[in-house]
Each structure stands twice: as C-alpha cells, then as structure tokens.
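Below is one structure, written out as structure tokens; comments come after it.
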Amino acid sequence: MFDEIKKILDEEYHITGVSKETNFRKELGLSSFDFLNLICIFEERYGVELDEEKYIHVVTVGELCDYLETLVGNDAD
Amino acid sequence: MRIKVVEGKREKKQFLSFREKKYKSEARYIDNSYYMIETIFAEKLHFTKGLKVMPVMILDDGENVLCEAIIAYAPLLPEYVQVCFFEALEGCSDAVEMLLDHAAKLGREYGCKRIVIGLSGHVNYGLGFLASHYDKVNSFSSPGNSEYYNEYFKGLGCQTIKLNSYYAQTLDHKLDRYSALISKLRRKYDFRTFDKRKFEYYAKAYTDLNNACFTEHRYYYHRDYEDDLEMLKELFFFINEDSLYFAFDGDRPVGFILWYPDYNELAKPGESFGTKHFFLNKLKGKKIKTVKVMEWGVLDEYRGCGLPVALVDCVYQTLSNYNCSFMESSWILEENEDSNSICEMITDGRYKQYAVYEKEIG
C-alpha cells in the first residue's frame, strides 16, 4: 500500500521521496482539498468509501497507509 | 460649511448629481449604486422599509457639496449606525469629520455603539471601499474610489476592517487538481441552476442558505424572503438562470454559488450603470471577458467535504457558453479564515483589497 500511495503522489502531484513519517500538510504542502482528492482517488481505485470520521485524523503517509490496509483488507474479506 | 439633510426632490437631485458629476469628471470608475440610491429615494424598496434612512450632504459656504452619504440604521443590526454610499471631494477632511459626527449623533440616538462606513444597508448590497488597484476599473457591483477616501477615515481614527478578493484564469484553472473529488461530489449531490418557473421556491432557498451560512459573519443580519425576492427579481433581469447554482442533498438545498458576467465591461469609466448598457449588450453582443463570483455559501455540516470546489466547478463548466476567461471574486472578510483558505486553494491568488471602517461612538 505504501508503494501505491507513493505512486499516486507522484502521478497526481509530482511528489517523490516520501517516507511513512512524511506529513501531508506540513511537509508536502497538500491543501485540505488535495487531501480530499487523494482520498477520492483511493476510493475509486479500490471501490470503497473511506470514513470521514477516520481519515480526518490522518496526518502522515504511514497513517493513511495503515488505514487503507485495514479497510482494503476488511473489504477483501 | 453646514449639514443639509436630504428630504425634498431638489436635494435628492443635488445628492445624485454630485456623485454623477464626480464619477464623470474622474472617468476612472463606473457607478453601480446610482440606480440603487434612486430607488431608495423613491422609497420603492421593500428592503429599506425596515431601515431608518437619513441622507445628508455637507455643503460649503457657496452651497456646493463637499461630501455626502446615506446614514442608515437597521434595527436588526442594532450595534451599528451605517454610513452608506459615501462620496467626497479631495481635501475635505473637515467636511468628512462633520458628516461622521452627525452620523455618530444619530447613531447614539438609536442606541448604536459603533459607526460603520462602507456598508450599503446590508452586505448583500455592497461592502467596502477600494483599497488597492486604484488604476483598474471596478467590476460590476464592486466599489471604485480614490485612495484619499481611505485616508480620510484612517486620519479620523477609524479602525480598518480588511476585505480581500481573488482572481483566476478560467481556461486553465486549478480545479483540474481536484478532479476525483469533483467527480465524487457530482455523484453524491445534485447541482441545479435557479429555475425561474419556480422563482419563489428558489428565492426562498437562497434566503434560507444566506441566513444559515452567514449569520455569524460581521455585518450580516437576517434577510426575509421579500428582501431577496425583490433583489433576485431585479438581478434576474440581467442574469441567466445558470448564474445561481444550488447543491442539493436529496431534496435539501445545502449550498449555493452566485456569479455573473462583469457587466461593467459594457460601460465606460465615468458612467452610471443602467439598463441601457444591458440592452446595448443584447443588441451589439459585446463579449464580456470577466466573470464575477459574488458569493457562495455551504451549510456548516457540508463544508468539510469540499462542496465549494464543486460549486465553483459548476460555474467554470458554464463559462464555456460565455467566452469569459478571467474570474474575479467579490469581497471576503480577511477575518473569515475558512473562505480565504478555500480561495487560496482554488484561485490564482489575491487580487483587489477593500476596506470598511469602524469607529466607536460610545
């Protein structure tokens, strides 16, 4: 999932060199709309709907990675 | 120098003539308030029935107007006495001070705590003085004034309330960056234009959204259905149904955006905008390059989902029918962090600055 996030960040925003600790807003400078757009891209790719109550607390790439893995895993079950 | 209260036909004519001559002689800006003042004087507006309206002029010893304004008190905005539609000649700070003192005196009689200069009765009719880009012609319904207006109020110890506007190139805009978000919002919500066949229904939706979205904003006070019905009927004389979009969640209107072409491109600097300009446009088909986004509002519980982006996208999609290539927003209070932050995300940057002035009158 981490690689998938890296790939999307590169494709959509030409952002490279991220780690799991990278902060979306402070380090990558993503606006709240950029982040919402990123969420929508994942929703489209995996055919799931992410829970606003949960993704609203996501700050780093690693946190999004963990959340998506949980969700896609649960969805796959 | 003396104060003259504008009451009779002759004084009203003198009041209007002062601003008309001033705009004409400067030939820098277009007067978008002339018609509004005429209708206020004619006591035709439903909106002004709820206001106490007191137009005044300050005259020199030769009975020439030095400055003028309509002083207004709105019971629904009881803290403030308003100085509306202010105009003045240069080098008349004593006259301006006399006008403000008079407004303060009237304000105290109504129990007001502060004077606000630059509010046109209600924010929906205009707010602020131009405070930058003095060399640019004002866009439709935005103020155009010389820099010395601002100097008058600063010099008289008024507090400045800053307003921002934003611009964007509409043919190559930032919204492409949010295409996945916009697609989702378009699936989830229904975006509809105003429907003149259901005029009252949509006008009510507009009023309800205004009251729900802006109640906490500085200077905003409750609008009733009649106020907006009157304003929108006037407006839809000029604009098309696609100038007012609504976002619906099921049957519930949850957001809106109002925009229109910058009709000031049809007039020449120095003129007072009127219906003749609009008809000239119809006849000659002059192309308007700028689009003016007047206001948008989204209910609190829908703000986090990015709905404003989809509303602005509705406007940009519509623009392909209008040949507009430049967007200018109306004013946004600098203290409104949410709206400024949204504008930073979806526009190319800040554009003109405006200012409102306040002073305690204790």
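Here are a few things to note about the model shown:
- Mean silhouette area of the range B:159-288, derived from the convex hull of its C-alpha atoms and averaged over all directions, reads 11.4 nm².
- Projected area, mean over directions - the protein assembly as shown, Cα convex hull, nm²: 23.4
- When the square roots of the Cα gyration tensor eigenvalues are ordered a ≥ b ≥ c, the ratio a/c for the range B:204-361 is under 1.5, which makes its shape rounded.
- Net length available on complete extension from B:Ser320 to B:Gln169 is 53.1 nm, with 0.36 nm assigned per residue and the Cα-Cα distance removed.
- At an R0 of 30 angstrom, the distance between the Cβ atoms of B:Asp300 and B:Glu43 translates into a FRET efficiency of 0.20.
- Estimated inter-spin distance, B:Ser17 and B:Lys204, nm [label 7 Å along Cα→Cβ]: 4.7
- Shape class for the range A:1-68, computed from the alpha carbon gyration tensor (a ≥ b ≥ c): rounded, with a/c under 1.5.
- Using bins of 10 Å that start at zero, the share of Cα-Cα pairs per bin across the range B:2-164 amounts to 10, 42, 40, 8, in whole %.
- Accessible area of the range A:2-76 belonging to carbon and sulfur atoms, whole % at 1.4 Å probe: 45
- The range B:280-337: C-alpha gyration tensor shape, a/c 1.5 cut-off, then a/b vs b/c: prolate
- Length gained when the stretch B:His217-B:Glu7 is fully extended (0.36 nm per residue, less Cα-Cα span): 72.3 nm
- Buried surface between chains B and A: roughly 1200 Å² of accessible area, summed over both sides, computed with a 1.4 Å probe on protein heavy atoms only.
- For the range B:153-193, a drop of 10 Å² or more in accessible area on going from the chain alone to the assembled protein chains (1.4 Å probe) is found at B:Arg177, B:Tyr178, B:Ala180, B:Leu181, B:Lys184, B:Arg187, B:Lys188.
- In this structure, the residue pairs whose Cα-Cα separation is over 21 Å, taken from B:Lys49/B:Lys352; B:Lys44/B:Lys268; B:Lys21/B:Lys276; B:Lys204/B:Lys233, are B:Lys49/B:Lys352; B:Lys44/B:Lys268.
- The chymotrypsin sites (Phe, Trp or Tyr not before Pro) of the range B:63-111 meeting both criteria, a DSSP state outside H, G, I, E and B (loop) and at most 15 other C-beta atoms within 10 angstrom of the site's C-beta, are B:Tyr110.
- Surrounding net charge for B:Thr207, when Lys and Arg each add one and Asp and Glu each subtract one, Cβ distance under 10 Å: -3
- Of all accessible heavy-atom area on the range B:274-350, the percent that carbon and sulfur account for (1.4 Å): 50
- Net charge over other residues, Cβ less than 13 angstrom from the Cβ of A:Val59 (K, R count +1; D, E count -1): 0
- Using the Cβ-Cβ distance between B:Glu147 and B:Lys105 with R0 set to 45 Å, the FRET efficiency works out to roughly 0.95.
- Computed in the context of the full set of protein chains, the accessible area of the range B:1-140 at 1.4 Å probe radius has 49% of its extent on carbon or sulfur.
- Accessible area per residue in Å² at 1.4 Å probe, computed on chain B: 44
- The A:Val48 and B:Phe278 beta-carbon pair, evaluated with R₀ = 45 Å, returns a calculated FRET efficiency of approximately 0.35.
- Extension reserve of the B:Glu234-B:Arg28 stretch, reckoned as 0.36 nm per residue once the Cα distance is removed: 71.6 nm
- Debye-sum result for chain B in log10 I(q)/I(0), which assumes one identical scatterer on each alpha carbon, at q = 0.11 Å⁻¹: -0.76
- Pair B:Lys286, B:Leu156: separation of 7 Å Cα→Cβ label points (nm): 3.5
- Whole-number accessible area per residue in Å² for chain A, which is evaluated in the context of all protein chains at 1.4 Å: 55
The values are calculated or read from the model by the stated rules, or taken from the named source; none is laboratory data. This structure is a prediction, so every number in the text was calculated from the model and none was measured. Cβ sites come from the backbone with ideal geometry, for glycine too, and all protein chains shown count toward neighbours. Only protein heavy atoms, including side chains, enter the accessible area calculation; ligands, DNA and RNA are left aside. Shrake-Rupley method; radii C 1.70, N 1.55, O 1.52, S 1.80 Å.
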